[in-house]
Structures are given as C-alpha cells and as structure tokens.
C-alpha cells in the first residue's frame, strides 16, 4: 500500500467511531480535575505543583483506577460531609490512586443527592444491623451514625466492585484491539 493512498472506507468508519467515543469520554470527564485544570479547583490548587510531579495520580491503569474506585465510593458514602475531598486527595496521594476517578466518585454525593443517598444508606445500615444481629447502640443518634457508616461501607464497596468489573472488562476489550502498524508508521 502506498503511503499517499487514502485510507479504505472501513478504516475511515472505524476511525470515526473511535473519534466519537473519545469525544464522548472527554465531554464526560471535562468537569473532573486534570493536570492542566488543577489550579482552578479551590482546595486542589494548593497541591497543584506537587501533584503534577506524581504521574500515578493521572494514570488510568487497572491498579490505580481500582484503588480509586474503592476508596472513592467508600469515602463518598461515609457521613463525612465537608472533608470528603481532602480525604480523597490524601487517599489518592498515599495509596497511589487515580485522582480524577476518586474525585469523580466524591461528586456522587453532592448537595442535591446527599440527603436521599444518606437516608437510604442509613436505612440499609439499620437493616444490616438487624439482619446480622450486630449489637445495636442504645442512643438514637449513635445508632443512626453507626447505621450510616455501616451502610456506607457496604454500599461503597459493592458499587465500587461492580464498576471495577465493568472497567476491567472495558480495559481488556481495549487491549484486544488490533494495532495497525502501517498507520503508526505514517505518523
């Protein structure tokens, strides 16, 4: 094949589909922190210079994303309103997790969804306490916190497990894609 020839129509169609997938992914990830936009985030801007020096914070390899999913959803579902982002940043930093994924998980419990999510997690935790015969706490407020923490832990791990399986499946499918060496040589 001559390098100056146009790509066959099949390659154009597959390239257009790939371009559409990449464009949708970029639109979906746009509000999350990236290396270039880290200075715009209120709390993260204090750590922008040092965060840019740590490539694991921006890596989408399986290990970094898995750790970020589990930590992110557990922290998001715990009743720690106001310090979730700081805890997520510290967890990503110390446990070498992906920062955009862990911050994105924190956005599930925003101002609009926080009330219903914590209410459901409290009820779920209360059901778990009754189901497994855990020792109930006497005070109503203490029982509510205990149930919320238990429900948040179990729900966070469960949702992260499902999303981790989905990510691993998509990651494995992306690895199976054949590499076109002729197109790589053109670049």
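Every read-out reported here was derived from the displayed coordinates using simple, explicitly stated rules and does not represent laboratory data. All values derive from a computational prediction rather than experimental measurement. With ideal geometry, Cβ positions are generated from the backbone for all residues, glycine too; neighbour counts draw on all protein chains shown.
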How would you order 20-26, 150-156, 161-167 from highest to lowest mean count of nearby Cβ atoms within 10 Å? 150-156, 161-167, 20-26
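Taking square-rooted eigenvalues a ≥ b ≥ c of the alpha carbon gyration tensor, is segment 55-186 rounded, prolate or oblate, where a/c under 1.5 means rounded and, failing that, a/b exceeding b/c means prolate? Can you show the working numbers first?
Details: a/c = 3.15, a/b = 2.27, b/c = 1.38.
Verdict is prolate for segment 55-186.
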Label points 7 Å out from Cα along the Cβ direction at residue 48 and residue 131: separation in nm? 4.6
Provide 143, 19, 39 in ascending order of the number of other Cβ atoms located within 10 Å of each residue's Cβ, fewest first. 19, 39, 143
Value at 222 nm in deg cm²/dmol, rounded to 500, when DSSP H runs of n ≥ 4 in the chain each add -39,500 (n - 2.57): -22000 deg cm²/dmol
131, 80 arranged by Cβ crowding within 10 Å, fewest neighbours leading: 131, 80
What do you get for the angle between helix 62-77 and the principal long axis of the chain? Use alpha-carbon atoms, 0 to 90 degrees, nearest ten. 30
Measure nothing but the geometry: give the 0 to 90° angle between the long axis through the Cα atoms of 9-29 and the longest principal axis through the Cα atoms of the chain, rounded to 10°. 30
Using the count of nearby Cβ atoms within 10 Å as a rough guide to exposure, how do 67, 120 rank from fewest to most? 120, 67
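Defining a contact as two alpha carbons under 8 Å apart and six or more residues distant in sequence, what relative contact order in percent does the chain show? Don't skip to the end; give the middle numbers.
Working: 177 pairs, mean separation 39.4, N = 187.
21 percent.
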Using only the alpha-carbon atoms, how far is helix 114-132 inclined from the longest principal axis of the chain? Give it as 0 to 90 degrees, nearest 10. 60
Simple SL model, points at 7 angstrom along Cα→Cβ for residue 60 and residue 141; separation in nm is 4.6
